[in-house]
Amino acid sequence: MNIHQIDLNRLKEFETPFYYYDLDLLNETLDRAKAAADKRGFHVHYALKANFNDKVLGLIQSKGFGADCVSGNEVQKSIDSGFPAQQITFAGVGKSDKEINLALDHKIFAFNVESIQELLVINELAAKKQVKAQVSLRINPNVDAHTHHYITTGLDENKFGVPNSELEKAASVLRECGNLELLGLHFHVGSQITDINVFKSLCVKVNEWKNWFEERGTTIKVLNVGGGLGVDYHEPDTHPYADFEAYFEVFDKFLERNAQQEVHFELGRALVAQSGTLVSKVLYTKSGVKKNFLILDAGMTELMRPALYQAFHKIEKLGAEPNAEELNYDVVGPICESSDCFGKEVPLPVSERGDLIAIRTAGAYGEVMASKYNLRDEIRFVFSEDL
Ligand SMILES: *Cc1c(COP(=O)(O)O)cnc(C)c1O
């Protein structure tokens with residue numbers, strides 16, 4: 001159920017702030033994504049770091065998605081949530097020995113490896129266990145994702161991936177490592193990408209690198225093109241679903257692959273973002289010399305994206321009368337940091353203490369980034385089916 005369809009008095013029974021998850025919307029989003037991928041024979045791994053709420057994860061697992069993990073604990077969580085080990089990938093520039101050992105013990109599908117040093121470490125740890133680790137090489141394709149610089153990951157200046165200048169060496173290291181098996185290549189250029197041309201550019205680079213390896217006699221079984229598909233933060237109710245058809249179609253059309261080659265994706269945000277809303281209560285209103293402030297009981301400790309990378313989230317007053325008089329508010333949290341602000345000069349119906357405010361499109365990189373800073377309460381959540 002959409003947040004606006006819920007009876008306000010019913011919503012007020014829950015202690016704020018809390019995340020509200022619309023499981024109907026999540027269900028429909030997952031079905032659309034899965035259908036668009038299945039139609040083309042594509043494999044989709046859900047990037048756990050976007051949201052690992054148990055109920056959300058359970059629904060995603062039940063639809064047959066794989067899991068894309070960036071820590072040992074995420075690998076363990078995927079296993080515990082029922083994802084088959086053969087559908088789990090493990091990425092990240094700084095995998096510890098403990099994390100690698102855990103993933104080896106679970107016999108996961110693939111390590112997405114980000115340096116030659118890491119290849120050698122995985123080979124050594126796999127040798128000790130007398131197992132073979134399947135790896136994909138993460139290549140930095142130097143494609144500009146045209147997104148915020150903190151969430152761009154595929155440029156030469158980023159810390160991710162094996163530098164292009166070292167790929168020749170990586171290929172020869174792989175031939176010498178008896179406990180590694182090269183599955184394929186991995187790319188991920190950034191997040192919240194709304195310009196479909198970025199993915200076209202990515203396909204061109206993937207084709208180039210695939211050919212480069214094949215010319216050197218290396219078999220590439222898996223092309224993993226990462227995630228990054230964006231959502232509409234400005235109009236969540238007009239565009240509740242990302243355009244999965246258009247997204248997968250670009251790869252279907254522009255990736256060159258033979259019948260044996262699998263194409264893998266790692267979507268996070270686009271699968272979960274629109275299903276989550278942060279619901280908060282107005283604690284105080286304040287009129288400064290030049291500003292009107294709405295002081296909420298939620299802050300950067302519940303939703304860090306605005307403070308962390310100046311992210312935009314649509315802010316709405318719940319239960320507002322149509323045509324209500326509006327004021328421009330700076331909507332802020334209670335945390336002792338000036339960056340603890342959800343939006344500046346936001347036009348909202350005149351509000352008062354006790355009103356409920358919805359911060360939309362908070363299902364991805366919201367609850368998972370909650371912190372205990374200022375010794376805040378543990379984050380709460382409510383599901384559509386609880387209402
Ligand atoms: C974060 C991440 C993803 C998911 O990105 P979204 O923008 O949420 O789709 C996929 N792959 C890797 C390697 C990542 O780090």
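One table, with the values for the structure above:
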| item | result |
| --- | --- |
| Stretchable slack from residue 352 to residue 168, in nm (0.36 nm times residue separation minus alpha-carbon distance) | 59.9 nm |
| Equivalent ellipsoid semi-axes, the stretch 53-211, via Cα gyration tensor eigenvalues times 5, rooted, Å | 25, 23, 13 |
| Nearby aspartates and glutamates by direct alpha-carbon distance to residue 129 (threshold 20 angstrom, same-chain neighbours under 8 apart not counted) | 97, 99, 105, 118, 176, 181 |
| Loop trypsin sites (Lys or Arg not before Pro), the stretch 257-290 (other Cβ atoms within 10 Å of the site Cβ: 10 or fewer; DSSP) | 290 |
| Residues 234, 264 arranged by fewest to most Cβ contacts within 10 Å | 234, 264 |
| Antiparallel %, DSSP beta bridges [both residues in the chain], to 5 | 40 |
| ³J(HN,Hα) computed for each position of the stretch 356-366 - Karplus, 6.51 cos²θ - 1.76 cosθ + 1.60, integer Hz, glycine/proline x | 9, 10, 9, 10, 8, 6, 10, x, 10, 6, x |
| For the stretch 1-137: relative contact order, % (alpha-carbon pairs under 8 angstrom, 6 or more apart) | 16 |
| Within a Gaussian network of the chain (alpha carbon springs, distance under 10 Å), most fluctuating of 296, 223, 283 | 283 |
| Karplus 3J(HN,Hα) series, Hz, for the stretch 307-320 with 6.51 cos²θ - 1.76 cosθ + 1.60 (x for Gly, Pro) | 6, 7, 9, 6, 6, 8, 10, 5, 10, 9, 8, 7, x, 6 |
| Amide H partners (placed H, <5 Å) of residue 382, local residues excluded | 19, 20, 21 |
| Fewest-first sequence of 369, 304 by Cβ atoms within 10 Å of each Cβ | 369, 304 |
| Low-density loop positions, GluC sites (Glu not before Pro), the stretch 1-33 - DSSP coil, at most 13 other Cβ in 10 Å | 13, 15 |
| Distance from the stretch 214-234 to the stretch 295-369 (C-alpha centre basis), Å | 35 |
| FRET efficiency for residue 219 and residue 308, using Cβ-Cβ distance with R0 set to 51 Å, rounded to 0.05 | 0.80 |
| Cα-Cα separations in the stretch 209-295 greater than 20 Å, expressed as whole percent | 59 |
| Among 52, 213, 65, residue whose mean-square fluctuation peaks in a GNM of the chain (springs only between Cα atoms under 10 Å) | 213 |
| Among 315, 57, 183 the positive-end extreme of the charge dipole of the chain (Cβ point charges) | 183 |
| Over 18 Å (Cα to Cα) - which of 107/205; 49/128; 314/344; 132/221 fall in this group | 107/205; 49/128 |
| Taking 191, 96, 81 and counting other C-beta atoms within 10 Å, the order from fewest to most | 96, 81, 191 |
| Pair residue 73, residue 97: separation of 7 Å Cα→Cβ label points (nm) | 2.2 |
| Residue 342 long-range amide H proximity, modeled H, under 5 Å | 331, 332, 333 |
| Radius 14 Å from Cβ of residue 224, net charge of other residues (Lys, Arg +1; Asp, Glu -1) | +1 |
| Nonlocal amide H pairs with residue 297, under 5 Å, H built at 1.01 Å | 281, 283 |
| Highest-fluctuation residue, 258, 101, 328 considered, GNM on the chain with Cα pairs under 10 Å | 258 |
| Sites matching trypsin sites (Lys or Arg not before Pro) across the stretch 295-374 that sit in DSSP coil, with at most 12 neighbouring C-beta atoms within 10 Å | 353, 372 |
| Rough spin-label spacing in nm, given labels placed 7 Å along Cα→Cβ, for residue 81 and residue 207 | 3.5 |
| For the stretch 62-70, Karplus couplings with θ = phi - 60° (6.51, -1.76, 1.60), whole Hz, Gly/Pro x | 5, 8, x, 6, x, 10, 10, 10, 10 |
| Full-stretch length increase - residue 373, residue 290 - with 0.36 nm per residue and alpha-carbon distance subtracted | 26.9 nm |
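FYI, it's all coordinate maths here, none of it is from the lab. Quick caveat: nothing in here was measured; it's all calculated off a predicted structure. Backbone-built Cβ (ideal geometry, glycine too); neighbour counts: all protein chains shown.
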